[in-house]
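Below you'll find the structure, written out as structure tokens, and then a few comments.
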Number of protein chains: 2
Amino acid sequence: MTFSMYDTSVPALKRMLNNLAAILVKAAEHAASKKIDPGVFINARLFPDMFPLSRQVQIATDQAKGCAARLAGVDIPGFADNEATFDELQARIAKTIAFLDSFKAQQIDGSEERDIVLQIHERKLEFKGQAYLLNWVLPNFYFHVTTAYNILRHHGVEIGKKDFLGG
Amino acid sequence: MTFSMYDTSVPALKRMLNNLAAILVKAAEHAASKKIDPGVFINARLFPDMFPLSRQVQIATDQAKGCAARLAGVDIPGFADNEATFDELQARIAKTIAFLDSFKAQQIDGSEERDIVLQIHERKLEFKGQAYLLNWVLPNFYFHVTTAYNILRHHGVEIGKKDFLGG
């Protein structure tokens, strides 16, 4: 077995996106069973100037699709960032997983030294592929998946670490 | 450059532990400047049945030292899990980083197929080294570092994503 850039990115990202989707199913069920407007959860935050749940899911999926596309050197599909319901967030996650599924390992393996440039507002960040994956994508991706989980947990949805880690 | 088990574990874990230490410095300064008992933050949680900040830091460091030790096949140093102040949490992080620094890449590289067995209460989890790192250590480690961040952010400490990601 060879440990590779693909192994460390696409399957790991897919796995966590599937776990996030399952967590959002539980959140939607919780809202329905308690007769709480689902928007309460979609717009919930841990602090006034933190992003709400919807944006956490958007950024997590952005990190995943951006990672695969940049490491493989293909265009990143643009999403409208307008999801406002659990169904729309699920659709976004499903589109992201379908995009990840379109990659073969050989498109991403060997990208350790690929030049990656991110333009974030006025900041230009430059990485080699390996540092981009390990020091940018994975911390950011896990940050937003965990924060989505924490927002729901803080708002009383009955989920646990097993839901986060998956099967 | 060869992408390896060591690259994906020890330097990434160290990097995030240093970021976590810097975040805890800001939290201690915040407590001092607002004249809030530091224990309020050390014992803060996002939900009554979630772990407090101290335990989040303990588990994050456990994941880091357990990862390096198990992948290299050496004993895991035991810590007493009794940290109750910011200084004690910093000491735990520093001990963990010093332990990580004791590993050479060749002790961990090639551990993809090593058998790893975790005994968690009555559950016995068996992994190969690669799955242990990618599907267990990294999700768990990032979960607890992010949750430590989220607890502090939720309780008003002025930290941001840059503190989480580091330099």
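The values are calculated or read from the model by the stated rules, or taken from the named source; none is laboratory data. A quick note: this is a predicted structure, and the numbers were derived from the prediction, not measured. As a convention, Cβ positions derive from the backbone with ideal geometry for all residues, glycine included, and neighbour counts pool all protein chains shown. Keep in mind that these areas ignore ligands, DNA and RNA; they rest on the heavy atoms of the full protein, side chains included. Shrake-Rupley method; radii C 1.70, N 1.55, O 1.52, S 1.80 Å.
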Over chain A, with neighbouring protein chains present, the accessible area per residue in Å² at probe 1.4 Å is 44
Taking chain A and counting helices only, DSSP H stretches of n ≥ 4 at -39,500 (n - 2.57) each over all residues, the nearest-500 ellipticity at 222 nm comes to -18500 deg cm²/dmol
Expressed in Å to one decimal, the Kirkwood Rh of the stretch A:88-167 from all distinct alpha-carbon pairs is 15.3
Relative contact order in percent for chain A (Cα pairs under 8 Å, 6+ apart) equals 36
Longest chain A segment clear of trypsin sites (Lys or Arg not before Pro) sitting in DSSP loops (not H, G, I, E or B) with at most 11 other Cβ atoms within 10 Å runs A:36-103
One decimal, nm, nearest first: from A:T85 to the same residue in each other copy, label points 7 Å out along Cα→Cβ, the values are 5.5
A:L71 neighbourhood, Cβ < 14 Å, K/R = +1, D/E = -1, net charge -1
From the cross-link list B:K26/B:K95; B:K14/B:K161; A:K14/B:K161; A:K161/B:K35; B:K65/B:K161; A:K26/B:K34, the entries with a Cα-Cα span beyond 27 Å are A:K161/B:K35; A:K26/B:K34
The A/B contact buries a total accessible area, at probe radius 1.4 Å and rounded to the nearest 100 Å², of 3600
Along the stretch A:20-32, Karplus-curve 3J(HN,Hα) (6.51, -1.76, 1.60; θ = phi - 60°) to the nearest Hz, with x for Gly and Pro, reads 4, 4, 5, 5, 5, 4, 5, 5, 5, 5, 4, 4, 5
Sorted shortest first, the nm distances from the B:K26 label point (7 Å along Cα→Cβ) to its counterparts in the other copies are 2.9
When chain A is treated as a Gaussian network with springs between alpha carbons less than 10 Å apart, the largest mean-square fluctuation among A:V25, A:V145, A:V117 is found at A:V117
Each residue of A:139-150 has, on average, a number of other protein chain C-beta atoms within 10 Å of its C-beta equal to 6
Output for the stretch A:101-167: GluC sites (Glu not before Pro) sitting in coil per DSSP, at most 16 other Cβ within 10 Å, listed by number, reads A:E113, A:E122, A:E158
Highest GNM mean-square fluctuation among B:A80, B:A12, B:A22, for chain B with Cα springs under 10 Å, belongs to B:A80
So, over other residues within a Cβ distance under 13 Å of B:Q58, counting Lys, Arg +1 and Asp, Glu -1, the net charge is 0
Shortest first and in nm, the label-point separations between B:K161 and its counterparts in the other identical copies (7 Å out along Cα→Cβ) come to 2.7
log10 I(q)/I(0) for the protein assembly as shown, Debye formula on C-alpha points only (no solvent), q = 0.07, 0.09 Å⁻¹, two decimals, reads -0.28, -0.47
Magnitude of the Cβ-charge dipole (Lys and Arg +1, Asp and Glu -1) of the protein assembly as shown about the Cα centre, nearest 20 debye, reported as 360
Carbon and sulfur atoms account, in whole percent of the 1.4 Å probe accessible area of the stretch A:5-165, for 51
Over the stretch B:5-165, the quotient of the Cα radius of gyration and 2.2 N^0.38 Å is 1.06
